[in-house]
1. Which one of these does GLU133 not meet: (1) among the charged types (D, E, K, R); (2) under 17 Å from LEU5 (Cβ atoms); (3) crowded, with 16+ Cβ neighbours inside 10 Å; (4) modelled with pLDDT under 95?
2. Quick check on my filter: what residues within the stretch 102-114 are buried (at least 19 other Cβ atoms within 10 Å of the Cβ) and under 25 Å from ASP137 (Cβ atoms)?
3. I'm told GLU36 meets every condition in (1) touching a helix residue (DSSP H, G or I) at 6+ places or on another chain (Cβ under 6 Å); (2) of a type outside the set (Lys, Arg); (3) closer than 20 Å to LEU101 by Cα except one. Can you identify the failing condition by its number?
4. Could you grab me the full set of residues in the stretch 24-41 that are touching a Ser or Thr at 6+ places or on another chain (Cβ under 8 Å) and either assigned to a strand (DSSP E or B) or more than 17 Å from ASP81 (Cα to Cα) (or both)?
Amino acid sequence: MRYGLTGTMSTGKTTMVKALAEHDYFKGKEYKFFTERSKYLMSMGIPLNQSSTYKGQLVFFAERASELMQDNMVTDRTVLDVFAFSKAAEKEIGYGRVNALEHIKDELKGEYDILFYVPIIDEIPMENNGIRETNEDFRRLIDDIIRREFNAYKGRKYIIKATNLNDRIDEIVRYIKGD
């Protein structure tokens, strides 16, 4: 099974994937958990956030594609996220190139067994980890694009409703189990 958490920056996706990796439901099962690749990619000189480029977004799509080659995985970013950053940088990247990236997104998105949308919790301020974008307007723009993509997604999907970590993890596991 392939589970993807999707949402804008600083919504808790990475924290949740790390917590899921420790959850009893996943113990003894051969799952791969993918988190925090941005630091590595940034160290390679790949532009992030509002500095996105066509080549950089191709690298991010390739990362998501490599995750989707795993039979059992949980990731804190999906092709919907990558496309949102591409779409937000459409002026710089170019309409035709973003259109090409949209085709990649459309080809890959159906490979997730479940997509979980992680909404912004207004009471929780954005965390500056030295990599993530901290511009609130940009954060909202990315969220708007991801929500549109998520709402249009025809596969199995779920919106996380809980606001604290333990409840969120329980909610995800219950949904996966079909409870």
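The values are calculated or read from the model by the stated rules, or taken from the named source; none is laboratory data. Note that the coordinates shown come from a computational prediction; the quantities given were computed from them, not determined experimentally. Quick reminder, even Gly has a Cβ in these numbers, built from the backbone with ideal geometry, and neighbours come from all protein chains shown.
1. All conditions are met except number (2).
2. The initial filter retains those residues of the stretch 102-114 that are buried (at least 19 other Cβ atoms within 10 Å of the Cβ), namely 104-105, 108-109, 112.
Answer for the stretch 102-114, where residues must be buried (at least 19 other Cβ atoms within 10 Å of the Cβ) and under 25 Å from ASP137 (Cβ atoms): just LYS105.
3. Of (1) touching a helix residue (DSSP H, G or I) at 6+ places or on another chain (Cβ under 6 Å); (2) of a type outside the set (Lys, Arg); (3) closer than 20 Å to LEU101 by Cα, only one is false for GLU36: (3).
4. Pass one, the stretch 24-41, residues touching a Ser or Thr at 6+ places or on another chain (Cβ under 8 Å): 33-36.
Answer for the stretch 24-41, where residues must be touching a Ser or Thr at 6+ places or on another chain (Cβ under 8 Å) and either assigned to a strand (DSSP E or B) or more than 17 Å from ASP81 (Cα to Cα) (or both): PHE33, PHE34.
Residue by residue, here is whether (1) modelled with pLDDT under 90; (2) hydroxyl-bearing (Ser, Thr, Tyr); (3) under 23 Å from GLU127 (Cα atoms) holds:
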site	(1), (2), (3)
TYR3	no, yes, no
VAL17	no, no, yes
ALA21	no, no, yes
LEU48	yes, no, yes
VAL59	yes, no, no
GLU63	no, no, no
